[in-house]
Each structure stands twice: as C-alpha cells, then as structure tokens.
Amino acid sequence: MEPRQKNYFIDTNVLLDDPESIAILRNGMENRIFIPHTVLEELDKHKTDSRLGHQAQQALSYLLEHKEEFDLLERGPEGNTASCLADNRILDEILLASVEAPILVTNDKTMRIKAHKLGMQSEPYFRANPFYRNESQRYTGFIAEGEDIVMNSFSWENGKPVFNGPEERRTISHQHKIWNVAPRNVYQNLAMELLLSPDIDLVTLESEAGFGKTFLSLAAALHLVLSEKRHHKIYIIKPYVEIGRSMGYLPGAVSEKMAPYVRNIRDLILKLHAIRPANKLFIDPEAPIPEFDIKRLEILPLAFIRGMNIEDAVVIVDEAQNMSRLEARALLSRMCGNTKVFMMGDSRQVDAPYNSEFNNALNWTVRKLKGMDRYAHLVLKGAHSRGPIADMVLASSL
C-alpha cells in the first residue's frame, strides 16, 4: 500500500532557517507543499531587517527559482484585531484552503499550541535526523570506552584525560596558566588546551552561564595576540536579538552603539587588564575608561561581517546559540588565513525568536563539524563557577 500524500504548510521561521525545506518536505513528488500568503508578506517585510534581511532574501530567491514546487494560498480576509496578527492570519488561510489533513510545519511553539486548539496537526522542522537531538549537549567532547574515536576529543584513562589528536594520543597531565589566569578545574584546563592548540582552528564551548567560557576565551585571545604574537588582532562578535532595531536609534559611532550590549565583555577585558596589563589593546591605557584601539581589538555586530574578509586574527563569537545556521555559515565563510575562531554559548538558553534548543548555530556547528581534523568541541562542567552565589544557583537547579 502506497503511503498517503502529506500536505505540508510551511511557516515563516522555517523558510528563514532553511529555504530548502520545501524540497526536503516535498521529498521528490511524494508530498504537496503550501505557502500561506501571509508568510510571503512576512518574508517581504523582513527584507530590510538588518539581521534577518539576508535570510529573507535567500528564502525569496529560492521560492522564485522553485515556484513550481509549491502552492501559494490565497490571502485571507481581513478580520478583527486579533486576526490581524501574522500567526492568526496564517492559521486562517490554512483553514480556508480546505485541504485534507493539513500539517503546519513551524518551530514556533505558540503557533503549534494554536494549531492544536484548532484541530490542526503540526510539527517542528529540523533538517537533520533524529530531529530532537541536541548535538552540542549530547557530544561533550569526551568519548566513552568502546566508542569510536572522534578527532580532537578527550577520553578518560586511569583517571586522567587523554587527547585524541590527528597524529597522536597524549595524556594531559600539565596545567595551563595564561595571562596569569589558572583553570579552576580539569574542564577549564582542557578548554585552554583546545583554545591554545596551533592545530585547531575552530573551537566550540558549551555550558550554562558561570563556567568561564567567555573569560577563558578572552584570556586565550590576549595570550595568542599579545604574548605569543601568533595573530595580530582580536574580533569579538555577539549576536543581539534586538540589535536590528535598537542600534539605529542609539547616538554615536559603532563602538558607542555597541557599548550597552557588550558591557560584560568589556568588564572581563578590563579585569584581565588588571590581572596583567594589555596596554596595546587601548588607545590610552591610563584613561579612566580606556577606549579600545580598533587596530588590535574590535567589537562588531554580526551584520557588519558580511562582505569582510578576516585574517590574522582571533575571532570570539559569544552567545552563538542566538545565531542561525545560515548566519554561522555566512560568518565562518569569511575567515581567511591564520584565523582562529572561538564559538561559545548555551543551546538551552535561546533568545532569538526563530531559533530553538536544537535549531541554532552552536548545535549545527557541532553536528556538521564533529570529527574534522581542525575542529574541537567541549562542554564545560565543574563545581566552581563565577562565585559562591552562582555555585549555589547551579547546584540547586534554581
């Protein structure tokens, strides 16, 4: 008996994340694909968005090139104020289409609740299988006894961590100390091992807040740029959920506009500067609030990276879980020679509206690059974090 054809209705967030979802869900000619008219309008509205504009343009280009592979629903009638919400209009258009057994594909949990209440089936979209698998949490950077060796992973042997490199396996018995910063536990020490390795170009670090991801990455960057002089410059990139609207209304240059969003990073750099002077990072290191010299350290919004070629630098990407897969690809494809990238975040703490615990840049990067020769991943753990209060909160699962 042949399987029954499915009727998929694709939401805006799915097309923004992966325009090829049409082909994936269509599965040749097995299923029918429908695009609500409001989804097309939402994509058109996002074209000018500083953060989502690139993704919206890609989605629209794909729809234009594959216009024979989907049906466009008619625009629903203008209803009351509540129905003017895009989500409600999309649901109205699906219901008015009178298609048998419609399946709404969306990563918006609110939309799925509304669909359920209307008696409509819905499901999330994740390109990789199994869908509900968070690779950045599941793969901790360690492999258990009997598992296949993963390149640049760790394993425990006789109570000691062993690094599984491309050329050799070696026991990590030494303790790092960089920029007068010593690790608080074995996991921080192993993170330093990866961050400092000349044979690893891209490192991802995953953990809850308080385990030192950003602080360790900044210390490693200062060490590589100012002490060892392996690279010339430090770039810090942090995706901001609200940056598209907020930055344009703040006065001043880019650095001044960025200041409210990167205060924690600035404070950490000044803390490291107090531990050991990093004078070359500043225009005037003696100033009460020293300004960064953009020839040596620059903090940029994600949107500024498009069109750039970054080389001879250490690039720190904070809160990578708030980037999409397409944004990660756009960012990492700008990296040229002698560049080292540190990506970090917590995939369980996603703020970006079109991302989820599973469908974010951090998880995608681990899933796609795991096992490659010049890539490594580590989940930070341990009893010590920012301080005794943070330790209590983490221990209690508050």
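The values are calculated or read from the model by the stated rules, or taken from the named source; none is laboratory data. Treat the numbers as computed from the prediction; the structure is a model and nothing was measured. Positions of Cβ are backbone-derived with ideal geometry, glycine not excepted, and every protein chain shown enters the neighbour counts. Only protein heavy atoms, including side chains, enter the accessible area calculation; ligands, DNA and RNA are left aside. Shrake-Rupley method; radii C 1.70, N 1.55, O 1.52, S 1.80 Å.
Keeping to region 165-193, report how many residues are of a type in the set (A, V, I, L, M), free of Cβ contacts under 8 Å to residues at least 60 places away in the same chain and either in contact with a Pro (Cβ under 9 Å, 6 or more places away or on another chain) or buried (at least 18 other Cβ atoms within 10 Å of the Cβ) (or both). So the count comes out to 3. Among all positions in region 89-102, there is no residue which is in contact with a Leu (Cβ under 8 Å, 6 or more places away or on another chain), in a loop (DSSP other than H, G, I, E, B) and modelled with pLDDT under 95.
Taken together, the residues in region 1-40 that are within 25 Å of R306 (Cβ to Cβ) and open to solvent by 50 Å² or more (accessible area, probe 1.4 Å) amount to 2.
Do we find that E319 is within 20 Å of E135 (Cβ to Cβ) and modelled with pLDDT under 90 in this structure?
When the stated conditions are applied, E319 does not pass them.
For region 280-294, the set of residues classified as surrounded by fewer than 18 Cβ atoms within 10 Å (Cβ to Cβ) and either touching a Ser or Thr at 6+ places or on another chain (Cβ under 9 Å) or assigned to a loop (DSSP other than H, G, I, E, B) (or both) consists of I283, D284, P285, E286, A287, P288, I289, E291, F292, D293, I294, listed by residue number.
Only one of the numbered conditions (1) open to solvent by less than 90 Å² (accessible area, probe 1.4 Å); (2) modelled with pLDDT under 90 is not met by K109, and that is (1).
Quick one: in region 295-311, which of the residues that are open to solvent by 30 Å² or more (accessible area, probe 1.4 Å) and under 16 Å from L222 (Cβ atoms) is nearest to the chain's Cα centre (by Cα)?
E298
In region 126-237, counting only helices (runs of 4 or more DSSP H) that sit wholly within it, the ones holding 2 or more residues that are of a type in the set (G, A, S) and at pLDDT 95 or above span 213-222.
Candidates in region 194-231 are the residues that are of a type in the set (A, V, I, L, M, F, W, C) and under 17 Å from the mean Cα position of the chain (by Cα); of these, the one that is most open to solvent (accessible area, probe 1.4 Å) is A209.
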